[in-house]
Amino acid sequence: MARRLDVTGADGVRLTAWDHTAGPADRAGKRNRNRDRGRSRGRNQEHAPASAPAVLLLHGLMGHAAHWAGAASRLTGGHRIVALDQRGHGAGEKPADGPFTREAYVADAAAVVERLGLGPVTLVGHSMGALTAWQLAADRPDLVRALVICDMRASALGAASQRAWQDWFRSWPVPFPSLDAARRWFGDEDPWVETPNPARGAFFAEVMAEHADGWRPVFDPEQMLASRATWVYDAHWDSLARVRCPTLVVRGLDGELGRAEAQEMVRVLPHGQYAEVPDAGHLLHYEHPDAWCEAVEPFLNGVLTP
């Protein structure tokens, strides 16, 4: 079970991180479970001391740190694994006035790395979290050992994309009468769902909270739109090219990052590598944690092993 760490962001915002590093008692239990499982996956990492090479997991827009739990529990290699609830998300503070700028998210990540003593850290980001990760790597190379970019585009998406998201948020039938209703809507009834997707329904059910009138997201949709507006209109190739550390670009074959753009990102990166997860969409680490780990672990173990 992850251990909660309360930490302060760059401008005093209260954030929450979750340390997935196994302790001694966890290790004994996992040895017994792994003996029963044989060579099956699903192992957590072996016990890692606080001084072990650290990995910081950054979720995407509307996500939260616990969306990494399945993937984190499968990572091996004795690394220290920490996931962050970013501002406006999960258990992180949601200041009414923000800011929810790129600069704020990047500064928060830097503050967490420094205050938890994680640096030089390997950053693993999904979607918006991946953009935050590579912008931090570009701006503060002293803090970052390596980088994993999961299904995030470097190209501009444009005004039409932002308008579509505004319309999508307005289409949500909130409050949901039950958590099952929320799971069903996001997994099957949402007009954006082309075919039933139980994993997508489960993903969104995890970020719902019960209120007197029903179930609502733990985040403010307007804050999510404000966060997205700070990157959606611009391309981010320049900051990507400034990343000097080893970097793995990972995409789901049915995700939002196309193969051609992913390979161009690898070409632009001075030390870029490429991997893909078959049968996965945008939520690749959440939908297929085993396959995601198989794609990512060789890179992580290569950059983190002394």
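At-a-glance table
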read-out: Fraction of beta bridges assigned by DSSP in the chain that are antiparallel (%, nearest 5); value: 40
read-out: Length-normalised contact order of the chain in % [C-alpha pairs under 8 Å, at least 6 apart]; value: 17
read-out: By accessible area with a 1.4 Å probe, ligands and nucleic acids excluded, highest first: order of TYR274, TYR233; value: TYR233, TYR274
read-out: Cα gyration tensor shape for region 41-141, rounded if a/c is under 1.5, else prolate or oblate; value: prolate
read-out: Charge dipole (debye, nearest 20) of region 136-230; +1 at Cβ of Lys and Arg, -1 at Cβ of Asp and Glu; value: 280
read-out: Rounded accessible area per residue of region 115-174, 1.4 Å, Å²; value: 34
read-out: For region 164-242 versus region 265-287, the gap between their alpha-carbon centres in whole angstrom; value: 22
read-out: Accessible-area value, HIS211, 1.4 Å probe, nucleic acids and ligands omitted, Å²; value: 90
read-out: Carbon + sulfur, % of accessible area of the chain - ligands and nucleic acids excluded, 1.4 Å; value: 50
read-out: Selection from PRO95, ALA226, ALA275 lying farthest towards where the dipole of the chain points positive, charges on Cβ; value: ALA275
read-out: Cβ-placed point charges (K, R +1; D, E -1), dipole of region 36-188 about Cα centre in debye, nearest 20; value: 460
read-out: SER171 accessible area, assembled protein chains, probe 1.4 Å, Å²; value: 50
read-out: Reference-scaled alpha-carbon Rg (2.2 N^0.38 Å with N residues) for region 199-255; value: 1.66
read-out: Correct choice for P(r) over Cα pairs in 10 Å bins from 0, in percent that was computed from the model, options (1) 5, 20, 19, 15, 14, 11, 7, 4, 2, 1, 0; (2) 6, 23, 28, 21, 14, 7, 1, 0; (3) 6, 28, 37, 23, 6, 0; value: (3)
read-out: Distant-in-sequence amide H partners of TRP215 (H built 1.01 Å from N, under 5 Å); value: PHE176, SER178
read-out: Region 209-306, relative contact order [Cα under 8 Å, separation at least 6], %; value: 23
read-out: Furthest towards positive pole of dipole, GLY187, PRO173, VAL303, structure part region 172-306, Cβ charges; value: VAL303
read-out: Under the Debye formula (equal points on every Cα, no solvent term), log10 I(q)/I(0) of region 198-292 at q = 0.10, 0.23 Å⁻¹; value: -0.40, -1.17
read-out: Anisotropy class of region 131-176 from Cα gyration tensor, a/c 1.5 cut; value: prolate
read-out: Dipole moment magnitude, nearest 20 debye, the chain about Cα centre, only Lys, Arg, Asp, Glu C-beta charged; value: 1120
read-out: 3J(HN,Hα) from dihedral phi, region 249-264, Karplus parametrisation 6.51/-1.76/1.60, rounded to Hz, x for glycine, proline; value: 9, 10, 9, x, 4, 10, x, 8, 8, x, 4, 4, 5, 4, 5, 5
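The values are calculated or read from the model by the stated rules, or taken from the named source; none is laboratory data. The shown structure was predicted, so the numbers you read here are calculated from the model rather than taken from an experiment. With ideal geometry, Cβ positions are generated from the backbone for all residues, glycine too; neighbour counts draw on all protein chains shown. These accessible areas exclude ligands, DNA and RNA; they are computed on the full protein's heavy atoms, side chains included. Shrake-Rupley method; radii C 1.70, N 1.55, O 1.52, S 1.80 Å.
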